[in-house]
Amino acid sequence: MSAPQFDPATYAAQLAEKAARLAELLAPFAAPAAEIFDSPREHYRLRAEFRLWREDGQRHYAMFEPGDKHKAILIDDFPIASRRINELMPQLKAAWQASEVLGFKLFQVEFLTTLAGDALITLAYHRPLDEAWQAEAEQLAARLGVSLVGRSKGKRIVIGRDYVEEELVVAGRTFRYRQPEGAFTQPNGEVCQKMLGWAYEALGERDDDLLELYCGNGNFTLPLATRVRRVLATEISKASVNAALANIADNGAGNIELVRLSAEELTQALNEVRPFRRLVHIDLKSYQFGSIFVDPPRAGMDPDTCELARRFERILYISCNPETLAANIAQLHDTHRIERCALFDQFPYTHHMEAGVLLVRR
């Protein structure tokens, strides 16, 4: 991970550039003007990962330019990261400098925080972790008020919890989320909240069912489930499935069924290509799907999943790669038109952006 070129004075110009790029990508499909959701200018990133670099006999937080693992950029603070991460960085550094047990062969540090104020630190080592390490790590976790995970080859020691707890407000309602260490979560919490609000509004109040592919930890699933009769959600990552099941239970969302299948496998199941044991408790024919929600990886939807999406009245699509979004829309454009679109600035000071579109059948 390299440090973005951080300059709040350039933010408005960069955001305008992204908006122009998205408009250009969606122009062939007669898209309406995008709704623009900006980011806080600083302290917006809820997670950060640093390698440690030895200089003058001390270990320092470091980042690298892409493709160059030999020229370290030493870091004392990190203005794009949350205030909680910036508070913890010097305290943690002082702890490993003061303790041979905590500092010996420590090579990487990860921070995971939430808008709700929770924090988890992961320490990665090139050595086995023993009881002496655990004793000092427990004292450190208590002193900093965090959960702590120690990782070494083949071993993982958890002090406190191996997840953080987040609270996000959508349409006046608070949703609680467990976000596990090592699993994907949206890094920009303020913009994530805006994404959830937009998706909630775009879907609207429905009296039929929603199919969700790539549901992750249930980030979108929970608020969208309040807009429909029932949700069938799929996810392939075991850590994300476990977090989603916990989040569904914690929020008392009784109208969500979650199955551990890939988008491709669910497509096969709906096309009755083959049965799946993991679907044995699900009566697929009982669902009346009016909408599909997708938040695919950077590669976008594969052609078969695109063809599956075409069957639905409404396709709500969140994308982390507008190029593959445009390619998918090209496949769907003969049957669906863009009714709403949005730009979410999850990653200020980089070229990356998230986009959302609502496609409705012509």
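Results for (1) open to solvent by 10 Å² or more (accessible area, probe 1.4 Å); (2) at pLDDT below 95, shown as yes or no for each residue.
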{"residue": "TYR44", "(1), (2)": "yes, no"}
{"residue": "ASP68", "(1), (2)": "yes, yes"}
{"residue": "ALA72", "(1), (2)": "yes, yes"}
{"residue": "ASP77", "(1), (2)": "yes, yes"}
{"residue": "ILE80", "(1), (2)": "no, no"}
{"residue": "VAL101", "(1), (2)": "yes, no"}
{"residue": "PHE111", "(1), (2)": "no, no"}
{"residue": "LEU123", "(1), (2)": "no, no"}
Open item on the list: Just checking, does the stretch 27-36 include any residue being at pLDDT 95 or above, farther than 26 Å from ASN219 by Cα, open to solvent by less than 80 Å² (accessible area, probe 1.4 Å) and of a type outside the set (A, V, I, L, M, F, W, C)?
Closed with: yes
Open item on the list: Anything in the stretch 210-227 that is in contact with a Gly (Cβ under 8 Å, 6 or more places away or on another chain) and buried (at least 24 other Cβ atoms within 10 Å of the Cβ)? List them, or say none.
Closed with: LEU210
TODO: For TYR349, indicate whether it is buried (at least 16 other Cβ atoms within 10 Å of the Cβ) and not in a loop (DSSP other than H, G, I, E, B).
DONE: no
Open item on the list: For the stretch 280-327: of the residues being in a loop (DSSP other than H, G, I, E, B) and under 18 Å from THR221 (Cα atoms), which is most open to solvent (accessible area, probe 1.4 Å)?
Closed with: GLN288
Open item on the list: If LYS18 meets every condition in (1) touching a strand residue (DSSP E or B) at 6+ places or on another chain (Cβ under 7 Å); (2) surrounded by 15 or more Cβ atoms within 10 Å (Cβ to Cβ); (3) not in a helix (DSSP H, G or I) apart from one, which number is that one?
Closed with: (3)
TODO: Give the stretch 106-121 a look and list any residue that's free of Cβ contacts under 8 Å to residues at least 60 places away in the same chain and closer than 20 Å to PHE50 by Cα, or say none.
DONE: LEU106, PHE107, GLN108, ASP118, ALA119, ILE121
Task: Residue within the stretch 127-144 that is part of a strand (DSSP E or B), of a type in the set (Phe, Trp, Tyr), without any contact (Cβ under 8 Å) to a residue 40 or more places away in the chain and under 19 Å from LYS105 (Cβ atoms) present - done: no
Open item on the list: Given the condition among the basic types (Lys, Arg) and touching a residue at least 40 places away in the same chain (Cβ under 8 Å), answer yes or no: does some residue in the stretch 60-80 qualify?
Closed with: no
Task: LEU308 being at pLDDT 95 or above and out of contact with any Gly (no Cβ under 8 Å at 6 or more places or on another chain) - done: no
TODO: For ARG277, indicate whether it is at pLDDT 95 or above, surrounded by fewer than 18 Cβ atoms within 10 Å (Cβ to Cβ) and either basic (Lys, Arg) or more than 29 Å from VAL170 (Cβ to Cβ) (or both).
DONE: no
TODO: Just one of (1) over 21 Å from ASP7 (Cβ atoms); (2) part of a strand (DSSP E or B) trips up LEU102, so point out which.
DONE: (2)
TODO: Could you list all residues from the stretch 82-96 that are part of a helix (DSSP H, G or I) and open to solvent by less than 20 Å² (accessible area, probe 1.4 Å)?
DONE: ILE85, LEU88, MET89, LEU92, ALA95, TRP96
Task: Filter pass, TRP53 being assigned to a helix (DSSP H, G or I) and aromatic (Phe, Trp, Tyr) - done: no
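The values are calculated or read from the model by the stated rules, or taken from the named source; none is laboratory data. Please read all numbers here as calculations on a predicted model, not as lab measurements. With ideal geometry, Cβ positions are generated from the backbone for all residues, glycine too; neighbour counts draw on all protein chains shown. Note: areas computed on protein heavy atoms with side chains; ligands, DNA, RNA excluded. Shrake-Rupley method; radii C 1.70, N 1.55, O 1.52, S 1.80 Å.
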